[in-house]
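Heads up, the thing below is written out as structure tokens.
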Amino acid sequence: MASGLDPNQTNFFVQRNDLDTTPAHFAELCTALYERELMTLATSLPDDKSLIQQKIRGLPHHIRHAAHFMARQISPLKLDSHNAAWLAKQPGKCPADKVTGAATEQWLSRYATPGLVACVLVEHYDASHIELDSIDRIDTGKAQVHVNKYRWFSFEGEAQTTRSQYTRLTLLKPTKATVSAACCGHRWNHRGKVSPRTLSLRELLLASSLDWKHFRHPVKFQLD
């Protein structure tokens, strides 16, 4: 075997100039993220060939970014490097219940800016969870914000567009409890806690931009 190569392939995703600075678990996280994203692409490929090529070209950069952030454990959550996931004790009830529309309105009125990460409560008939999303447009005249995935919401957090696959969508002021739930994929139904969901690469990248002290800074990446 050539000199400098790890016999267990632990440096496969590490560039030569990163060998002394790459954090622990980086290669393991890259492997888990690649497996997950390739499976996602294989089961939901778009018909547009150029879009497929664009997604694949951007994959190495985005996976390295997410893996570096997770490996450095900038968040207060526990890292599961084998599954590229965060872990934290799940509360018995969804923490979104403690965030009022007035609190969300006050937060958005003061801090809303393109790229700012917010939380969205996603309610289905059988379960609910919280997701991270990012603001990309603001209409101060109508007191509305548009988030990248779930579209328009009032400053109080009420969805302004109908999405038939959900029973309700609510934009939330981010708090440590709601963001932790979103990052860990926690879910609930009418009986209480259910098994967590797996985060998408986009959600992991959104999490990498969070300022856990204030939740006020916009994201610094664009996922192709």
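Some observations on this one:
- Neighbour net charge for Gln90 - beta-carbon separation under 11 angstrom, K R +1, D E -1: +4
- Rg/Rh for segment 98-220 (Cα atoms only, Rh after Kirkwood) is 0.94.
- The accessible area of Met39, taken with all protein chains in place and a 1.4 Å probe, comes to roughly 120 Å².
- Cα Rg, Dmax, segment 53-110, angstrom units: 17.0, 44
- Nearest-ten-degree value, helix 101-111 long axis tilted from longest Cα axis of the chain: 60 degrees
- Taking the chain as a Gaussian network of alpha-carbon nodes connected by springs under 10 Å, the highest mean-square fluctuation of the residues Leu79, Leu41, Leu210 belongs to Leu41.
- Nearest 10 degrees, 0 to 90: helix 26-43 Cα axis against the chain principal axis: 60 degrees
- Ranking by accessible area, most exposed first, for Asp139, Asp48 with a 1.4 Å probe: Asp48, Asp139
- Note that the chain presents 57 Å² accessible area per residue, ligands and nucleic acids not counted, probe 1.4 Å.
The values are calculated or read from the model by the stated rules, or taken from the named source; none is laboratory data. The structure displayed is predicted, hence computed values, not measured ones. Using ideal geometry, Cβ is built from the backbone for each residue, glycine included, and neighbour counts are taken over all protein chains shown. Areas reflect the complete protein model, heavy atoms only, side chains present, ligands, DNA and RNA absent. Shrake-Rupley method; radii C 1.70, N 1.55, O 1.52, S 1.80 Å.
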